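One structure is given here, and the rest of the page talks about it.
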Amino acid sequence: MTDIQFKNITDFDIKGKKILVRVDINSSIDLEKNEIRSDPRIQAILPTLESLKEAAVVLIAHQSRLGKPDCIDLKLHADKLNGYLGGRVKFVADLFGDTAISAIKELQPGEVLLLNNVRKWEIETQVKSIEEAEKTELITKLSPLFDYFVNDAFGAAHRAHVSLIGWPTICAGPTVKRELEMVQKLFTPKKPSIWLVGGAKAMDKFQALKFNLEAGNIDMALVCGLTAILMLEAKGMDMGEKNRKFIAEDLEQNRNEIAAVCEKFKDKIFLPEDMAYEENGKRLECPTLEVSKLDVSTGDIGAKTIANFKTLIQSAKTIVANGPPGIFEKEVFKQSSFEIVDAMAAAAKNDAFVCIGGGDMGAVAEMAGLGEKITISTGGGALLKILSGKDLPLLQVLRNKMPK
Ligand code: 3PG
């Protein structure tokens with residue numbers, strides 16, 4: 001389903017045109033320092049902006065979710081972009097009000113304008129259909145101002161939100177094209193193929209693992225983070241209330257399905273044998289079997305598991321990683337994420353195709369200075385959904401709203 005024929009904005013004569021591009025530059029924010037931790041998604045759109053530099057480009061994007069502390073204005077993102085583009089990026093703290101509309105009208109070819117965080121407008125995430133999206137204020141007010149509309153937000157490919165689906169026509173951008181080609185590669189992997197999942201969104205990660213285990217695309221699944229807690233619990237292991245509370249609902253609804261997959265693919269699924277937790281600011285480790293007795297909340301895989309996973313990674317020819325194995329933002333839990341990303345970069349040198357998905361895991365690779373050695377997908381949840389064989393809103397609009 002990812003090999004659909006669609007139009008790319010670079011197929012058109014864009015010179016002097018006004019183009020609206022929906023991008024995904026949702027980033028990990030350090031709120032204390034008021035800065036973007038690392039910016040792989042911002043860097044990922046630079047080729048898009050380069051290819052459109054003869055046009056006037058207006059960017060629309062989201063940051064986090066309404067109500068969350070990091071659902072901030074996009075000024076920091078504009079500053080980052082300006083660092084790369086030598087000051088040709090403007091920012092307005094507005095979306096479709098008079099300030100935004102004037103700035104769009106005045107924008108000249110060669111300039112870029114970033115509008116404010118579209119998730120601060122609550123309707124963005126609330127529509128039920130494309131038709132409903134098309135009637136919203138965002139679309140009716142901004143559409144007449146543009147020649148072309150581009151969806152280049154691969155990271156949000158799974159969201160049917162107004163700014164992603166509502167425009168009168170929609171073509172793909174270079175980021176989306178690049179990512180869809182990469183997905184095709186992962187569906188026909190060089191063997192052996194290893195998948196590592198960690199972080200949150202446990203059920204999404206389980207579904208992607210299940211689909212690709214069934215399809216024969218995964219030889220070894222290294223499972224960490226909340227997905228590991230979910231699978232261990234479904235297999236009947238008590239992981240303690242402090243861990244269980246994060247996955248309790250998913251567990252209740254899907255226990256039998258998860259247990260069946262664990263049993264069917266028991267030779268291919270590798271769960272942590274030891275785990276790390278924090279006590280008085282120190283990292284301590286214990287066998288997974290003892291977690292409930294100690295009644296701790298775990299934040300990383302333990303040293304034995306890290307060593308084992310690194311050895312397995314060395315043998316792989318295709319590596320997919322989605323979500324960090326530990327809570328890398330915390331000093332005591334960052335060990336595994338950096339060691340494992342290092343092992344993946346070493347495998348890449350040995351000719352393995354390595355694809356890291358998810359903002360957080362991409363941030364780890366960037367922080368470790370390995371961003372150039374491995375392919376960092378801009379998709380976290382989106383990559384998972386597309387890798388689960390789902391027909392996503394992005395694919396639907398590229399098929400159905402192609403400009404002439
Ligand atoms: C992501 O970070 O996965 C994308 O930007 C989509 O964000 P969302 O899960 O908040 O829709």
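What follows is calculated from the coordinates using simple rules that are stated; it is not laboratory data. Values in this document were obtained by computation on a predicted structure and should not be read as measured data. Cβ coordinates were reconstructed from backbone atoms using ideal geometry, including for glycine residues, and neighbour counts include every protein chain displayed.
If I build a Gaussian network model for the chain, linking alpha-carbon pairs within less than 10 angstrom, which residue out of ILE139, ILE170, ILE194 has the largest mean-square fluctuation? Comparing ILE139, ILE170, ILE194 in the GNM, the peak value goes to ILE139. Once you've got the GNM for the chain with C-alpha springs shorter than 10 Å, pick whichever of PRO393, PRO174, PRO144 has the biggest mean-square fluctuation. Of the options given, PRO144 has the highest mean-square fluctuation.
Over 25 Å between C-alpha atoms is what I'm after, so list which of LYS33/LYS310; LYS177/LYS205; LYS33/LYS330; LYS191/LYS349; LYS90/LYS185 land there. Check vs 25 Å cut-off fails for LYS33/LYS310; LYS90/LYS185. In percent, rounded to a whole number, the relative contact order of the chain is 18, using alpha-carbon pairs under 8 Å and six or more apart.
3J(HN,Hα) along segment 229-244, derived from phi through the Karplus expression 6.51 cos²θ - 1.76 cosθ + 1.60 where θ = phi - 60°, amounts to 4, 4, 6, 4, 5, 5, 7, x, 8, 7, 9, x, 4, 5, 8, 4 Hz, with x in place of Gly and Pro. 3J(HN,Hα) along segment 134-151, derived from phi through the Karplus expression 6.51 cos²θ - 1.76 cosθ + 1.60 where θ = phi - 60°, amounts to 5, 8, 6, 4, 4, 6, 5, 6, 8, 3, x, 8, 10, 8, 9, 10, 10, 9 Hz, with x in place of Gly and Pro.
Residue by residue, segment 64-73 carries 3J(HN,Hα) couplings of 6, 10, 3, x, 8, x, 8, 7, 9, 4 Hz when phi is fed to the Karplus relation 6.51 cos²θ - 1.76 cosθ + 1.60 (θ = phi - 60°); x denotes Gly or Pro.
Annotation: amide H of ILE25 within the under-5 Å range of HIS62, sequence separation 5 or more or interchain, hydrogens built in the peptide plane.
Residue separation of GLN253 and ASN350 scaled by 0.36 nm, minus their Cα-Cα distance, works out to 30.8 nm of gained length. Every helix of 4 or more DSSP H residues in the chain counts as -39500 (n - 2.57), and over all residues that averages to -11000 deg cm²/dmol at 222 nm. Helix 303-314 and the longest principal axis of the C-alpha atoms of the chain enclose an angle of approximately 60°. Compute the distance from the alpha-carbon center of segment 1-57 to that of segment 319-359, in whole Å. Segment 1-57 and segment 319-359 have Cα centres separated by 25 Å. DSSP beta bridges confined to segment 265-404 are antiparallel in about 55 percent of cases. In units of the rule-of-thumb radius 2.2 N^0.38 Å, segment 272-356 shows an alpha carbon radius of gyration of 1.16. Dipole size of segment 9-175 about its Cα centre, with +1 on Lys/Arg Cβ and -1 on Asp/Glu Cβ: approximately 100 debye, rounded to the nearest 20.
May I ask which of LYS53/LYS190; LYS210/LYS235; LYS75/LYS404 have a Cα-Cα span longer than 26 Å here? Cα-Cα > 26 Å for LYS53/LYS190; LYS75/LYS404; rest within.
Determine, from the Cβ-Cβ distance of THR10 and LYS293 and an R0 of 45 Å, the FRET efficiency 1/(1 + (r/R0)^6), rounded to the nearest 0.05.
For R0 = 45 Å, the calculated efficiency reads 0.15.
Pick from GLN207, GLN253, GLN335: which residue has the top mean-square fluctuation in a GNM of the chain where Cα pairs under 10 Å get a spring? So, out of GLN207, GLN253, GLN335, the one fluctuating most is GLN253.
Sequence-distant contacts, meaning Cα pairs under 8 Å at least 6 residues apart, place the relative contact order of segment 9-175 at 30 percent. The modelled label-to-label distance between ARG399 and THR188, using points 7 Å beyond Cα along the C-beta direction, is 2.0 nm. With Rh defined as the Kirkwood radius, the inverse of the mean 1/r over Cα pairs, the Rg/Rh of the chain is 0.98.
Amide H contacts of VAL354: ILE319, THR375, each under 5 Å away and 5 or more positions distant or on a separate chain (H built 1.01 Å from N in the peptide plane; Pro and chain starts excluded).
Between amide H atoms placed 1.01 Å from N, distances below 5 Å from MET275 occur with CYS286, THR288, GLY302, all of them 5 or more places distant or on a separate chain.
Segment 1-157 has equivalent-ellipsoid semi-axes of 22, 20, 17 Å, by the square roots of 5 times the alpha carbon gyration tensor eigenvalues, sorted largest first.
The lysines within cross-link reach of LYS128, meaning a Cα-to-Cα straight distance under 24 Å and a gap of 8 or more places when in the same chain, are LYS68, LYS120, LYS141, LYS201, LYS385, LYS390, LYS401. Computed across segment 189-373, the Kirkwood radius stands at 16.3 Å (inverse of mean 1/r, all Cα pairs).
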